[in-house]
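No value in this document is a laboratory result; all are computed from the given coordinates. None of the values given here were measured: they were computed from a predicted structure. Note that we place each Cβ from the backbone using ideal geometry, even for glycine, and neighbour counts take in every protein chain shown.
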Amino acid sequence: MPRAAKPPELLPGTLDLLVLRALQSGSMHGYGIAERLRQVSKDVLQVGESSLYPALQRLLLDGYVRAEWGVSDNNRRARYYTLTAAGRKQLAAEHEAFERMIGAIHAVLRFA
Amino acid sequence: MTSLMRWLRRLVYWMHSRSRTDDLREELEFHQARVAEELGRRGLSAADAHVAARRAMGNETYMREEARSVWVPPPLEAVVQDWRYAWRGLRRSPGLTVVAVASLALGIGANAAIFSLIHSVLLARLPIPAATELIAAQRDLGARGVDDRFSLDEYRALASGPLHLTMVSSASAVLETDGVSASGWLDIVDGSYFNVVGVRAARGRVLSPRDDSTAAPVAVITDRFWRGYLNTDSAALGRVLTIDGHAFTIVGITTPGFAGLHFPALDDVMIPFRSATALGIVRATNTQAPILTIVGRRGAHESMDDARNTLRVIWNHCCAAGQLVAASRGQSAERSTLAIEDASRGIPEIKIDLRGRYGRILLALMAGVAILLLAACANVASLLLARGSARVGELAVRLALGASRRRLVMHLAMESVQLSMLGAIAGVALARWATGVLARANIGDLGGVIAPTLGSSVLAFAIVVSLVSGLIFGVLPAMRVLRSDLVTPLSQSGRRAARAQRGLLDRGLIALQMALALLLVSGAMLLVETLRNLKDADLGFDPTQRILVTSETRHTAYEHQGMTARLANDVLARVRAVPGVKDAALASLIPISGGRSSYDNVTVRGAATSSEVETNFIGVTPGFFAALGIRFRAGHDVPAPRASFGVPRSRDVVVNEAFVKRFFPVGNPIGRLFEDSDEGDSLATQDRIVGVVADTKYTSLRAPAPATYYVPIADGDWPYLILVARPAGRADAVARTVARAVADAVPGLRVGGADLLSVSIDDALIRERISAALATLFGAVALALVAVGLYGVMLYQVTARTPELGIRMALGANARSIVGLVIRQSLSIVGVGVLAGFPLALLAGRAVSSQLYGVAPYSPSALAIAAGALVVVAIVATLVPVRRALRIDPLVALRAE
């Protein structure tokens, strides 16, 4: 996997938000989530397995996602994650909080 | 709510832990396969893609652990898991576990047993509520020390203040129930006593201020007395107890454990002061006689200083006002200062000064067992190291597979904790057994205070000790893990190098054990030597087959000097009539064994030493020297008792050789004169020396015989008179008859049982015997530990050197040289240990020097014997490893290489 410059570090706490957002469009397995994030961010966000899977476990524990075994597009058993109702609510809340934070950071960068 | 849900999910996860772990593994495999596919699409071969994907994924185990840790808090999980692993590991090597636990059990058990002794003697508080608040008053007499006796006037003056005070006057008394009499300790108390002390009745009632006004003859007995003398009679309340001939009714039994405020607490009966004075049990001729101990309770928020100041203000005020005029042996109240002391550990019984007698030796023994424990820890550490090295490979593999170092150290720590816990359990059992044995054994005055069960403080001590020792012996193996790298242990040569290094540390630990064992063994030798010297010490008299009967004249009609001659003549006539008695005599004191020691100031007119010298004297009847086997050097015996009153103007006395050397170094002492006088007495007695006898020890076996003179018994009044009888045959055959004869001769005299002089000499050596026996035991245990440790290490060394020994054998080394090789290595460890032990042993000798007698703290023979014992133990412990070395088959050894 060719890696250009060192990918920027994620803001702490944003991985959960990104995972939830990726799942908004439908259920996905872990690899799919990682790929999705990479593609959408144009290779800027390369989520390592060592942070992705603990994040998924955290979301499972919090009840924001649900996991079931299914069959992948290449006919292998894969574990699919789906947003729950609580997950949607959490996504909305975190999204809003994130926007507020980014806005605040922008404001500071521009005017401070 | 959400947190509750989280915990529920955690619980479900925990229950399905295994399948969830499998899920995760499969999920990660899937992920990796997809990464490999992706790489394959970019042109890598299938094999290369697989490898690259693995590399990209990194440490999978670590990742799984991380993901798991979201569900199960890692510390908890790890602890439970490590606990199980460690337990399995210990069960897998039962030999090591048994030896390690046994070593620790010996160390911890010995510590707990000695600590329980120290607790009973030095630390235990009185079993009363809020014991720390208890205070006792003392009269500070300056250079003369302290005195804890006060007069009734003084008590009343102090009690008028705001502090809660009470008083107790203690005395021995003859207690009689249903015709069976025994000697016991009596506390004469006022009505506020139980209120101030805070002790309640387990049955019946305690004494109250009402008993002060009625002066009824009622008594409260202690649980100890109830069990010991009344056989826990359920109908004890209301029974009549005769105290010094006066009938008292038992109205209550105190709660178990309480036996008065003294240390040692041995009190039996409490009676009201009012009734005791009314019946004449307390012969308070006036309210100024110092007969009471004053105790009290300071407020919960009041400091010692507060209480001291409060009482001193009252004391000084009363002294200034002239209210207190009591004099204590020439010291007036005005001139003495009031001292207030903490009494939470009991008021020290001056006559039975257990703390003074045993304090130092107990601390020395404590140091001894602490060293023993250290040796046991070194032993376990070296055993664990020996096993750890067998596991270096295993640990390296675990590290390589992704275990964190913290986890491995944790795992080893668990092993140590489990070993020390097992050791603590076995040790406490051992200590319980040991204190039980001690409490039942004949250990004289110490026997009364030893708690036969281990209290909570002893258990807490054992737990702390076991944890600390677990830490000590667990640290080395753990450090090894922290330092170790992955590669070296996995390669053959690396393993060998590690072994050599390990050997150094191991041998160091054994050498440390050797040094500690040398210290303990040589210390024990010193104490044993001391005991033997004291046993063999020339007493100046012959203690074998001598009967002693002690009678107390205090508070009887024979207390006064004028009665002594009649008493002596009556008693001796009776006893001499007993068939089988050859000699009999009475004395105010029997050296070493009993009686009240007396001293007066001796002046020799016109001698070079003109000053007064305090000198011991003993009142005796003629025949005393013959009865005790004291040899006459010159002259003849004291005259027979004749009734005399007051201080005689002149008399004939016998002196010992030390006395002659002290006062009449030149010329014939017979016929010479000296004067003796009590302090404060204006009249001196003119003494004429009529005989000189050999020196005898006086009150101490250790001190050299002091200058002593023997006066006719009728010339003084003595609180105790002791009969010594020498039978023709065996002493125990006639002992009881002799005691009965004394009691029959003088009705009303308080007569104790018959004792054997040899027994009381033995009793005088109890401290020395206990310390010598325990120190010997510790030394033996230390040697056993050394043997086990050395055995383990040498066996390991032989195994590690198998290839080398095989090569040597293949090259033609004979059995002798192989044996020499192994023995040399073993002895080199002994050498290092002994060299390191010498300075330690010298320090230990200095530390116990005050306990020694007739042996120098730096005793070359003790050191030599200890070092010799170590060498012998080392050789015995090396025998099996040597045999193992001889059995090595060169072919097998070389093939293994």
Between A:Ala107 and B:Leu842, the two model label points (7 Å from Cα along the beta-carbon direction) sit apart by a distance in nm of 8.0 nm
Evaluate peptide B:875-881: per residue, the Cβ atoms of other protein chains within 10 Å of its Cβ; return the mean as an integer. 0
Give me the dipole magnitude in Debye, nearest 20, for segment B:131-344 about the Cα centre, with unit charges on the beta carbon: positive for Lys and Arg, negative for Asp and Glu. 180 debye
When B:His301, A:His106 are arranged by how many other beta-carbons sit within 10 Å of their Cβ, fewest first, they go B:His301, A:His106
Pop a pseudo-label 7 angstrom from the Cα along the beta-carbon direction at both B:Val12 and B:Trp433 and give the gap in nm to one decimal. 5.4 nm
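Looking only at segment B:554-748, where both bridge partners belong to it, what percent of the DSSP beta bridges are antiparallel (to the nearest 5)? Could the numbers behind the result be given before it?
Numbers: 26 of 38 bridges.
Of all bridge pairs located within segment B:554-748, approximately 70 percent are antiparallel.
Quick one: length gained pulling B:Leu811 to B:Ala864 fully straight, 0.36 nm per residue minus the C-alpha distance?
Working: separation 53, 0.36 × 53 = 19.08 nm, distance 3.97 nm.
Length gained between B:Leu811 and B:Ala864: 15.1 nm.
For B:Arg239 and B:Arg895, compute 0.36 nm times the residue count separating them, minus their Cα-Cα distance, and round to one decimal in nm.
On the way: separation 656, 0.36 × 656 = 236.16 nm, distance 9.04 nm.
Full extension of this stretch gives 227.1 nm more.
Which of the trypsin sites (Lys or Arg not before Pro) found in segment B:512-607 are loop residues per DSSP with 16 or fewer other Cβ atoms within 10 Å of their Cβ?
The qualifying sites are B:Arg554, B:Arg596, B:Arg605.
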In whole Å, how far is the Cα centre of segment B:566-588 from that of segment A:52-103? 108 Å
Computed Rg/Rh of chain B, alpha carbon atoms with Kirkwood Rh: 1.12
What ranking, highest mean first, results for peptides B:659-667, B:128-136 when packing means the other Cβ atoms within 10 Å averaged over each residue? B:128-136, B:659-667
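Looking at chain B, send over the antiparallel percent of its DSSP beta bridges, to the nearest 5. The partial results should precede the final answer.
Values: 77 of 99 bridges.
About 80 percent, rounded to the nearest 5.
Starting from segment B:1-76, pick out the trypsin sites (Lys or Arg not before Pro) whose DSSP state is loop and whose Cβ has at most 12 other Cβ atoms within 10 Å.
Values: sites: B:Arg6, B:Arg9, B:Arg10, B:Arg18, B:Arg20, B:Arg25, B:Arg34, B:Arg41, B:Arg42, B:Arg54, B:Arg55, B:Arg64, B:Arg68; in loops: B:Arg42.
Passing sites in segment B:1-76 are B:Arg42.
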Hey, what do the phi angles of segment B:250-266 turn into as Karplus ³J(HN,Hα) couplings, whole Hz, using 6.51/-1.76/1.60 and θ = phi - 60°, x for Gly and Pro? 6, 10, x, 10, 6, 5, x, x, 7, 9, x, 9, 8, 10, x, 7, 10
Give me, ordered by chain and number, the residues 5 or more places off B:Ser598 or on other chains with an amide H under 5 Å from its own placed amide H. B:Phe617
Say the dipole of the protein assembly as shown comes from +1 at the beta carbon of Lys and Arg and -1 at that of Asp and Glu; which of B:Thr553, B:Gln686, B:Ser170 then lies farthest toward its positive end? B:Ser170
Calculate the all-directions average of the projected area of segment B:2-72's alpha-carbon convex hull, and give it in nm². 5.5 nm²
Quick calc: nm separation of the 7 Å Cα→Cβ label points for A:Ser25 and B:Leu835 -> 8.0 nm
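Taking 0.36 nm per residue of sequence separation and subtracting the Cα-Cα distance, how much length would be gained by fully extending the chain between B:Asp717 and B:Asp22, in nm to one decimal? All intermediate terms of the calculation are to be shown ahead of the outcome.
Numbers: separation 695, 0.36 × 695 = 250.20 nm, distance 9.72 nm.
Between B:Asp717 and B:Asp22, full extension yields 240.5 nm more.
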Separation of alpha-carbon centers, segment B:732-793 and segment B:103-180, rounded to whole Å: 26 Å
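Beta carbons within 10 angstrom, averaged per residue: use that to sort the peptides A:44-53, B:810-819, highest first. Working shown, then result.
Values: A:44-53: 17.5, B:810-819: 11.7.
Descending packing order for the listed peptides: A:44-53, B:810-819.
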Using alpha carbon coordinates only, what is the Rg to Rh ratio of segment B:658-720, with Rh defined as the Kirkwood radius? 0.98
Can you show me the helix-derived [θ] at 222 nm for the protein assembly as shown, built from DSSP H runs with n ≥ 4 at -39,500 (n - 2.57) apiece and divided by the number of residues, rounded to the nearest 500. -18000 deg cm²/dmol
For segment A:14-111, place one equal point scatterer on every Cα, skip the solvent, and apply the Debye formula. What is log10 of I(q)/I(0) at q = 0.25 Å⁻¹? -1.36
Where the centroid of each part is defined by its Cα atoms, how far is segment B:824-859 from segment B:37-71 in Å? 64 Å
Per-residue average of other protein chain Cβ atoms inside 10 Å, peptide A:70-79 -> 3
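Output the antiparallel fraction of DSSP beta bridges having both residues in the protein assembly as shown, as a percent to the nearest 5.
Values: 86 of 108 bridges.
Bridges in the protein assembly as shown are about 80 percent antiparallel.
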For B:26-34, mean number of other protein chain Cβ atoms within 10 Å: 6
Direction-averaged shadow area of the convex hull around the Cα atoms of segment B:174-243, nm²? 4.7 nm²
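Convex hull volume of the Cα atoms in the protein assembly as shown, per residue, in Å³?
Numbers: hull volume 299.3 nm³, N = 1009.
Looking at the protein assembly as shown, the number lands at 297 Å³ per residue.
Please report the equivalent ellipsoid semi-axes of segment B:80-135, computed as sqrt(5 x eigenvalue) of the Cα gyration tensor, largest first, in whole Å. Mind showing how you got there, number by number?
Numbers: eigenvalues 330, 54, 6 Å².
Three semi-axes, in Å: 41, 16, 5.
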Go through segment A:77-93 residue by residue and turn each phi into a ³J(HN,Hα) via Karplus (6.51, -1.76, 1.60, θ = phi - 60°); whole Hz please, and just put x for glycine and proline. 5, 9, 9, 9, 9, 10, 5, 9, 4, 4, x, 4, 4, 5, 4, 4, 5
Ordered by packing density, taken as the mean number of other Cβ atoms within 10 Å over each peptide's residues, highest first, how do B:271-280, A:24-33 rank? B:271-280, A:24-33
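To the nearest 20 Debye, how big is the dipole of the protein assembly as shown about its Cα centre, given +1 on the beta carbon of each Lys and Arg and -1 on that of each Asp and Glu?
In total the dipole reaches around 4360 debye.
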